[in-house]
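Report on the structure given below.
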Amino acid sequence: MRRSVVAGNWKMYGSGSMIEGLVTALAASVATDACDVIVSPPFPYLSLVQQLAKGTGIGLAGQNCSAFEPGAHTGEVAAAMLADIGCQWVILGHSERRQAGETDSEVAAKAAAARQAGLQPILCVGETLEQRQSGDAVAVVTAQLEALVVDLAAGDMIAYEPVWAIGTGETATPEQAQEMHSEIRAFLAKHQPALAEDTRLLYGGSVKADNAAALFAEQDIDGGLVGGASLQADDFAAIVRAAP
Ligand code: PEP
């Protein structure tokens, strides 16, 4: 039985006061007994959130990490540093980073560094609208997975995030999302049979309070990676309640 998970990606939004209010409201409204609830603030606010969320059951993820060990890499953040301040997870390969030039092999190297530091990666994959319209969605996602599957470990999560649904208000239908999740699980069954059944597969792309339950009801959708709606405590709490 895979435990549900709802992870909020706060992207590059927030300020100290806004985040203080958001975490305080989440702590009062989100139940973490049946579902892993994770938030992923920008780096400068990780410690603040860690302090505010202490004892609430809300977990912490970085939005990225370096592929390198701590050292002379100005501007980078080592996976070990994220673990040190209380992160258990790190989002890797988000499409906004891939669009900025991050490659499959860089995502794989970051995932290796994350595991080494004791973090569990949330590995993002997904096709563009053009790729979907030309019938290449499965091939694109599979190619992204090829780079990641060799070293996949227990506890890693995969987030299917169709690029055309991120921040656009356009959501994959539950059927479209399930179809891809089932392809992903079949791919895992072929390449990592011991991990296929237990690896949690999240859907991301304009998940909202009013569409979450239908998405989460699908057999291979184990929860969501939520962007915009995770910045509103009421909306995020409603999405968490929709998780089975
Ligand atoms: C995301 O940032 O991962 C995301 C899915 O964003 P949104 O929910 O806003 O589409």
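The values are calculated or read from the model by the stated rules, or taken from the named source; none is laboratory data. All values reported here derive from a predicted model rather than from experimental measurement. Cβ placement follows ideal geometry from the backbone for every residue including glycine, while neighbour counts extend to all protein chains displayed.
Things to note:
- Taken over the stretch 81-95, the criterion of being buried (at least 18 other Cβ atoms within 10 Å of the Cβ) and either more than 17 Å from the chain's Cα centre (by Cα) or touching a residue at least 60 places away in the same chain (Cβ under 8 Å) (or both) is satisfied by 89, 91, 94, 95.
- Filtered by the rule that a residue be touching a strand residue (DSSP E or B) at 6+ places or on another chain (Cβ under 6 Å) and either assigned to a helix (DSSP H, G or I) or more than 14 Å from the ligand (Cβ to nearest atom) (or both), the stretch 202-218 gives a lone residue, 215.
- Among residues of the stretch 173-192, those that are out of contact with any Leu (no Cβ under 7 Å at 6 or more places or on another chain) and either away from the ligand (no atom under 16 Å from the Cβ) or part of a helix (DSSP H, G or I) (or both), counted: 11
- In the stretch 150-161, residue nearest to the chain's Cα centre (by Cα) [restricted to those that are more than 9 Å from the ligand (Cβ to nearest atom) and farther than 19 Å from residue 2 by Cα]: 151
- Every residue from the stretch 219-244 that is buried (at least 18 other Cβ atoms within 10 Å of the Cβ), in a loop (DSSP other than H, G, I, E, B) and away from the ligand (no atom under 14 Å from the Cβ): 220, 222, 243
- Looking across the stretch 31-43, the residues that are surrounded by fewer than 24 Cβ atoms within 10 Å (Cβ to Cβ) and either assigned to a loop (DSSP other than H, G, I, E, B) or in contact with an Asp or Glu (Cβ under 9 Å, 6 or more places away or on another chain) (or both) come down to 31, 32, 33, 34, 42.
- Flag for residue 29 being more than 16 Å from the ligand (Cβ to nearest atom) and in contact with a Gly (Cβ under 6 Å, 6 or more places away or on another chain): no
- Whenever a residue of the stretch 164-178 is aromatic (Phe, Trp, Tyr), its partners that are surrounded by 13 or more Cβ atoms within 10 Å (Cβ to Cβ), lying with C-beta atoms within less than 7 angstrom and at least six residues away or across chains, give the pairs 164/128; 164/129; 164/132.
- Out of 27, 7, one residue alone is within 22 Å of residue 215 (Cα to Cα), modelled with pLDDT of 95 or more and outside any loop (DSSP other than H, G, I, E, B). It is 7.
- Screening residue 18 on (1) over 19 Å from residue 204 (Cβ atoms); (2) buried (at least 17 other Cβ atoms within 10 Å of the Cβ) shows it passes everything except condition (2).
- Some residue of the stretch 98-107 being modelled with pLDDT of 95 or more, in a helix (DSSP H, G or I), closer than 21 Å to residue 226 by Cα and among the charged types (D, E, K, R): yes
- Residue 195 vs. criteria more than 13 Å from the ligand (Cβ to nearest atom), in contact with a Lys or Arg (Cβ under 7 Å, 6 or more places away or on another chain) and either assigned to a loop (DSSP other than H, G, I, E, B) or under 25 Å from residue 62 (Cα atoms) (or both): no
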